[in-house]
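J.: Submitted below is the structure of interest, expressed as structure tokens.
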Amino acid sequence: MDALMRHRHDPRWPAVEAALGALREHHRRAVRIVDADCGAGGFLIAVAERARAMGFTAIEGRGIGGSPALIGRAKAAARRHRDAAMGLVFERADPAEALATECEFPADIVVWHRGGGLTGALRAAGTWVIGDPVEGRVPREMMA
């Protein structure tokens, strides 16, 4: 099963598709996505693949994580993608510090799993901030 199909069941997926769709409706051809808790990178890669399928011609993805082993797996997965339209970078970093570097030129979409007191940093780091649902609700998109 490819990454796109595997991650379509993630509860954040509908909000991600809505954000990508809104950007395309505004005739955007490029998108910048940050995954603030990327794990092994599968979700970010699936989002990048979906963006490409929706007609984006320049997709920049940045995955941030704390586990060296998972970041290594994410980098290996990114190397398997040879689409010149997708630039995927994965790095081991503290999420708060990494998100602080996003404030000057915020991403279009920021996805994450845990709150951990990062709400302000998340909102400053991107236009669409998409997190896990709370108490079974569908994820919310928060405009910065």
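J.: Arranged from highest to lowest average of other beta-carbon atoms within 10 Å per residue, in what order do the peptides 69-80, 102-113 appear? Before the final figure, lay out the partial values.
T.: Values: 69-80: 15.7, 102-113: 19.3.
So the order, starting with the most tightly packed, is 102-113, 69-80.
J.: A further question follows. Could you tell me the calculated FRET efficiency between Ala69 and His27, based on Cβ-Cβ distance and R0 = 35 angstrom, to the nearest 0.05?
T.: Values: r = 40 Å, r/R0 = 1.16.
Efficiency computed from Cβ-Cβ geometry: 0.30.
J.: Let me ask something else about it. Name the residues whose placed amide hydrogens come within less than 5 Å of the amide hydrogen of Leu88, ignoring near sequence neighbours (fewer than 5 apart) on the same chain.
T.: For Leu88, the qualifying residues are Gly61.
J.: Turning to a different aspect of this structure: Under 8 Å for C-alpha pairs, at least 6 residues apart: give me the relative contact order for segment 33-90, rounded to a whole percent.
T.: On the way: 91 pairs, mean separation 25.5, N = 58.
Taking the mean separation of contacting Cα pairs over the length of segment 33-90, I get 44 percent.
J.: Is it possible to state the helix-based mean residue ellipticity at 222 nm for the chain, with each DSSP H run of 4+ residues giving -39500 (n - 2.57), the sum divided by total residues, to the nearest 500 deg cm²/dmol? What is it? Numbers along the way, then the final one.
T.: On the way: 6 runs with 55 residues, N = 144.
My calculation for the chain gives -11000 deg cm²/dmol from helical runs alone.
J.: To continue, here is another question. Just want to confirm a number: the relative contact order over the chain, from Cα pairs under 8 angstrom separated by 6+ residues, in percent. Write out the running numbers ahead of the final one.
T.: Working: 275 pairs, mean separation 35.8, N = 144.
Relative contact order of the chain: 25 percent.
J.: Regarding segment 3-139, what are the three Cα extents along the principal axes, ordered largest first, in Å?
T.: Its Cα atoms span 35, 32, 31 Å along the three principal axes.
Bear in mind these aren't lab numbers, they're just calculated from the coordinates by the rules spelled out. Note that the structure is a prediction, hence the values are computed from the model and not measured. Neighbour counts run over all protein chains shown; Cβ positions are idealised from the backbone, glycine included.
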